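Every number here is computed from the coordinates shown, using simple stated rules; none is lab data. All values reported here derive from a predicted model rather than from experimental measurement. Quick reminder, even Gly has a Cβ in these numbers, built from the backbone with ideal geometry, and neighbours come from all protein chains shown.
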Amino acid sequence: MRKRIQLVNLPFYTQRMTAENWQEEGFPSLAEAESWSGRGCGIASLRMVLEGFGCVCGRQGEMISKGLAAGAYKEGVGWIHGKLAEMAGNYGVFGEAKRGKNLADLQKDLENGFVCIASVTPYFRFGQQKPDGSFYGKGGHLVPVYGCETEGGKAAYFLLHHPSMYAEYNVPHWAVAAEELEPSFSGNYIRFRKAGTLRQAEVSDALVMSRIYAESWKVAFRGNVPDGFLDGLSEDHWVTFFEKALTEGSLSAKLIFDKERAVGAVAYGAARTELPAGGTLLGKGGDYSAFGEVASLYLLPEYYDKGYGRELLESVRDELLGTYEGVYLWVLRENERARAFYEKLGFVPTEDACLCDINGKTLTDIRYVYHK
């Protein structure tokens, strides 16, 4: 049984710059436009993705200038995937570079709602001979991938646009068979998703936040926190805590939504004097009174690894950095997923540890710090 996944209707843009379109595309001269004609695939693809998400971005020449200013292009290397992802963030679109993957990973991200820009061999000619006698290698050309057709749960075709410097190879809406794409796919791609809606939490949201926390705890801490405690967590476990904190203003909070559904929450504010769960501090301690604190951040388990946590954290981190010297948070030592997440976003572990007791088991939290 075949199934078609098509995420958004992407416009098509060429990277081909000519005497007819260089001014329209915002280049200062025909010579500069032509010089980028053979290497503009990254920006042409990014434009397609951003405008497919409803963003208003610049023309090819203007976007290339932005890319150069952002360090997204390196001579002899090409377009830097991580920098293109960062550029998308300026338009409210989450982007993340992925490396060393395969077509199954690409399919999974498409199924999870990500539009991708993949590195492929131009025209899918891996291993074929060029006119100069050399052979096409793997990857090197960026194309937006916006869907796939699956059969028996496995992708049979991938739906993509193929921009080119040559008129005949500008192909919109190309359904490329998986067996044709696979040899040319480098294993590297960028995944994008329209940013979730963020809003400040109110006292009336206490139950919503508590429910998110309870569901997340039961998955994130299984095997570390005693099962008896996790199994006994009710959805209203933290309602009183949030109602009090939000009423008094000791903490602020934000919710993130997938359409109309709240799927994640973060609590934050000035550095607190009390430790998590009334724990005991080990380590050097130090003066963090001039820091802001991310008190907690949790997502519904089905929204892990989809960019929602990053959006929440970056939002409150940047807000706190507008007032405080830095930001800190506590992470369970055994929670490798969370630790890797915070480290990826610039938080650094310290020697400070907090020992706390839950149902007779001693747990250790590590303090992570982000400096301006």
Query raised in the report: Using a ≥ b ≥ c from the Cα gyration tensor of the range 266-372 (square roots of the eigenvalues), is it rounded, prolate or oblate, where a/c under 1.5 gives rounded and otherwise the larger of a/b and b/c decides, a/b for prolate?
Result: oblate
Query - Projected label distance in nm at Asn9 and Arg261, using a 7 Å step from Cα toward the beta-carbon - result: 2.6 nm
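For Arg2 and His371, calculate 0.36 nm times their separation in residues minus their Cα-Cα distance, and state this gained length in nm to one decimal. Write out the running numbers ahead of the final one.
Numbers: separation 369, 0.36 × 369 = 132.84 nm, distance 5.04 nm.
My answer for the length gained is 127.8 nm.
Which order do the peptides 11-19, 100-108 come out in when sorted by mean C-beta neighbours inside 10 angstrom, highest first?
On the way: 11-19: 18.6, 100-108: 15.4.
So the peptides 11-19, 100-108, ranked by packing, come out 11-19, 100-108.
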Query raised in the report: At each listed q (0.19, 0.20 Å⁻¹), what is the log10 of I(q)/I(0) that the Debye formula gives for the range 1-147 modelled as equal alpha-carbon point scatterers?
Result: -1.25, -1.35
Query raised in the report: Which lysines, on any chain, are close to Lys244 with Cα under 23 Å apart, when same-chain ones fewer than 8 places away are left out?
Result: Lys254
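Which of the residue pairs Lys154/Lys218; Lys98/Lys138; Lys154/Lys259; Lys3/Lys259; Lys259/Lys344; Lys3/Lys218 have a Cα-Cα distance greater than 22 Å in the structure shown?
Numbers: Lys154/Lys218 31 Å; Lys98/Lys138 16 Å; Lys154/Lys259 28 Å; Lys3/Lys259 24 Å; Lys259/Lys344 27 Å; Lys3/Lys218 33 Å.
Too far apart for the 22 Å limit: Lys154/Lys218; Lys154/Lys259; Lys3/Lys259; Lys259/Lys344; Lys3/Lys218.
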Query raised in the report: Simple spin-label model, 7 Å along Cα-to-Cβ: Leu275 to Ser250 in nm?
Result: 1.8 nm
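To the nearest whole percent, what portion of all C-alpha pairs in the range 112-256 is separated by more than 24 angstrom? Show your work: numbers first, answer last.
On the way: 5967 of 10440 pairs.
I get 57 percent for the Cα pairs in the range 112-256 exceeding 24 Å.
Could you give the length gained on full extension between Phe229 and Phe135, defined as 0.36 nm per residue of separation minus the Cα-Cα distance, in nm?
Values: separation 94, 0.36 × 94 = 33.84 nm, distance 6.09 nm.
Full extension from Phe229 to Phe135 adds 27.7 nm.
Of all beta bridges DSSP finds with both residues in the chain, what is the antiparallel percent, to the nearest 5? Intermediate results must be reported in sequence, preceding the final value.
Values: 71 of 75 bridges.
Within the chain, antiparallel bridges account for around 95 percent of the total.
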Query - the chain: calculated mean residue ellipticity at 222 nm from DSSP helix runs of at least 4, using -39500 (n - 2.57) - result: -8000 deg cm²/dmol
Query raised in the report: What whole number of Å gives the distance from the Cα centroid of the range 354-372 to the Cα centroid of the range 242-314?
Result: 14 Å
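Classify the range 52-105 as rounded, prolate or oblate from the Cα gyration tensor: take a ≥ b ≥ c as the square roots of its eigenvalues, call it rounded if a/c is under 1.5, otherwise prolate when a/b beats b/c and oblate if not. Walk me through the numbers on the way to the answer.
Values: a/c = 2.22, a/b = 1.21, b/c = 1.83.
Because a/c hits 1.5 or more and a/b fails to exceed b/c, the range 52-105 counts as oblate.
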Requested in this report: Would you mind calculating the gained length between Leu355 and Ser65 on full extension (0.36 nm times residue separation, minus the Cα-Cα distance), in nm to one decimal?
Outcome: 99.3 nm
Query raised in the report: Which FRET efficiency value, to the nearest 0.05, do you get for Arg337 and Asn112 by plugging their Cβ-Cβ distance into 1/(1 + (r/R0)^6) with R0 = 22 Å?
Result: 0.85
Query - Ranked by how many other beta carbons lie within 10 Å on average, peptides 205-211, 174-180, 280-286 from highest - result: 205-211, 174-180, 280-286
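Calculate the all-directions average of the projected area of the range 101-152's alpha-carbon convex hull, and give it in nm². Each step should come with its number before you reach the end.
Details: hull surface 17.4 nm².
Across all orientations, the range 101-152 yields a mean hull projection of 4.4 nm².
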Query raised in the report: What are the extents of the Cα atoms of the range 80-174 along their three principal axes, listed from largest to smallest and rounded to whole Å?
Result: 42, 37, 27
Query raised in the report: How many nm is it between the label spots at Ser204 and Tyr123, if each spot is 7 Å from the Cα in line with the beta carbon?
Result: 6.1 nm
Report task. Please say if the range 18-97 is rounded, prolate or oblate, where rounded means a/c under 1.5 for a ≥ b ≥ c the square roots of the C-alpha gyration tensor eigenvalues, and otherwise the choice is prolate for a/b larger than b/c and oblate otherwise? Result -> oblate
Query - Under the Debye formula (equal points on every Cα, no solvent term), log10 I(q)/I(0) of the chain at q = 0.06 Å⁻¹ - result: -0.29
**Report entry** Euclidean distance between Cα centres, the range 183-216 to the range 50-126, Å
**Finding:** 20 Å
